[in-house]
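First the structure, in the form of structure tokens, and then the observations on it.
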Amino acid sequence: YKDEKTCTVALYGDGAANQGQVFEAYNMAKLWDLPVIFMCENNKYGMGTAAGRAAANTDYYTRGQYIPGLRVNGMDVLAVRQAVAYAREYAINGNGPMVLEMKTYRYGGHSMSDPGTTYRTREEIQHMRSTSDPITGYKHRLLEAGVMTEEDIKAIDKQAKKIIDEALAKAKAVPEPDAAELWDDVYAKGSEVPYLRGRVPEETHYYNVD
């Protein structure tokens, strides 16, 4: 509505790709030719279920039907960059949405309760990490092309760790926010809820709303 040449990137996983709201979004986006990139992160497992056990069609880039799609090697930094640039150019020039399926891999579990090894082998994880890691792969390409040296990369790693350590220390030093801040930037001022029920009626949380 601002008439700017920008687009939205909507990210979702292969598990969420089977949900109805995705197809509703596809329909409206194409109906209005909205500048949207629907980016499906296909890491082969939705929670703990292999994609092939949950989806009749695992070619997620084809799911848009009336929306063009591309399958991209999500473990290749340059391929991802190029694909997003192409899709953005397509979308902002009045052509409507595009679907990008990023073929990638999740090393760890899906959450704290998921060890990540009950539905796949440790050997599979190690194989993917040793042969397809995007950071390692990009590092090798930079070295082979003579763009950077090992010393340059070590310096970047050192600087990155320093930034992370400083940010972590700063976050740990910040006091826990007051419960009254729970609604900040969630509800319009004056429309906040005064209480919230917990798991049972007796477990009700009251908030001081000014």
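The values are calculated or read from the model by the stated rules, or taken from the named source; none is laboratory data. What you see is a predicted model; the values in this text were computed from it and never measured. Cβ sites come from the backbone with ideal geometry, for glycine too, and all protein chains shown count toward neighbours. Each accessible area value is taken on the protein alone, full model and side chains, heavy atoms only, with ligands, DNA and RNA left out. Shrake-Rupley method; radii C 1.70, N 1.55, O 1.52, S 1.80 Å.
Summary of computed values
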read-out: The listed residue being of a type in the set (A, V, I, L, M, F, W, C), in contact with a Ser or Thr (Cβ under 8 Å, 6 or more places away or on another chain) and on the phi < 0 side of the Ramachandran plot, out of M102, M98, M75; value: M75
read-out: Y195 being more than 29 Å from the chain's Cα centre (by Cα), more than 25 Å from V80 (Cα to Cα) and aromatic (F, W, Y); value: yes
read-out: For T118: the one exception among (1) at pLDDT 90 or above; (2) hydroxyl-bearing (S, T, Y); (3) open to solvent by 60 Å² or more (accessible area, probe 1.4 Å); value: (1)
read-out: Tally of residues being assigned to a strand (DSSP E or B) and open to solvent by 60 Å² or more (accessible area, probe 1.4 Å) across the range 33-77; value: 4
read-out: Which numbered condition G94 fails, given (1) assigned to a helix (DSSP H, G or I); (2) surrounded by 10 or more Cβ atoms within 10 Å (Cβ to Cβ); value: (2)
read-out: Residues located in the range 97-115, provided they are loosely packed, with under 13 Cβ neighbours inside 10 Å and within 17 Å of the chain's Cα centre (by Cα); value: Y107, G108, S111
read-out: Failed item, numbered, when P134 is tested on (1) open to solvent by less than 60 Å² (accessible area, probe 1.4 Å); (2) touching a helix residue (DSSP H, G or I) at 6+ places or on another chain (Cβ under 6 Å); (3) under 21 Å from N18 (Cα atoms); (4) modelled with pLDDT of 95 or more; value: (3)
read-out: Qualifying residue in the range 141-155 (condition: open to solvent by less than 100 Å² (accessible area, probe 1.4 Å) and touching a Lys or Arg at 6+ places or on another chain (Cβ under 7 Å)); value: yes
read-out: The range 1-32, subset in a loop (DSSP other than H, G, I, E, B) and closer than 18 Å to Y61 by Cα, residue most open to solvent (accessible area, probe 1.4 Å); value: Q19
read-out: Some residue of the range 184-207 being surrounded by 10 or more Cβ atoms within 10 Å (Cβ to Cβ), of a type in the set (S, T, N, Q) and closer than 30 Å to N73 by Cα; value: no
read-out: Cross-chain or 6+ apart pairs with Cβ under 7 Å, the range 178-192 first and closer than 15 Å to Y206 by Cα, then of a type outside the set (D, E) and exposed (fewer than 12 other Cβ atoms within 10 Å of the Cβ); value: A180/N208
read-out: Residue match in the range 119-129 (condition: touching a helix residue (DSSP H, G or I) at 6+ places or on another chain (Cβ under 9 Å) and within 17 Å of V9 (Cα to Cα)); value: no
read-out: Restricting the range 38-79 to residues that are of a type outside the set (S, T, N, Q) and free of Cβ contacts under 8 Å to residues at least 24 places away in the same chain, the residue that is nearest to E4 (Cα to Cα); value: A79
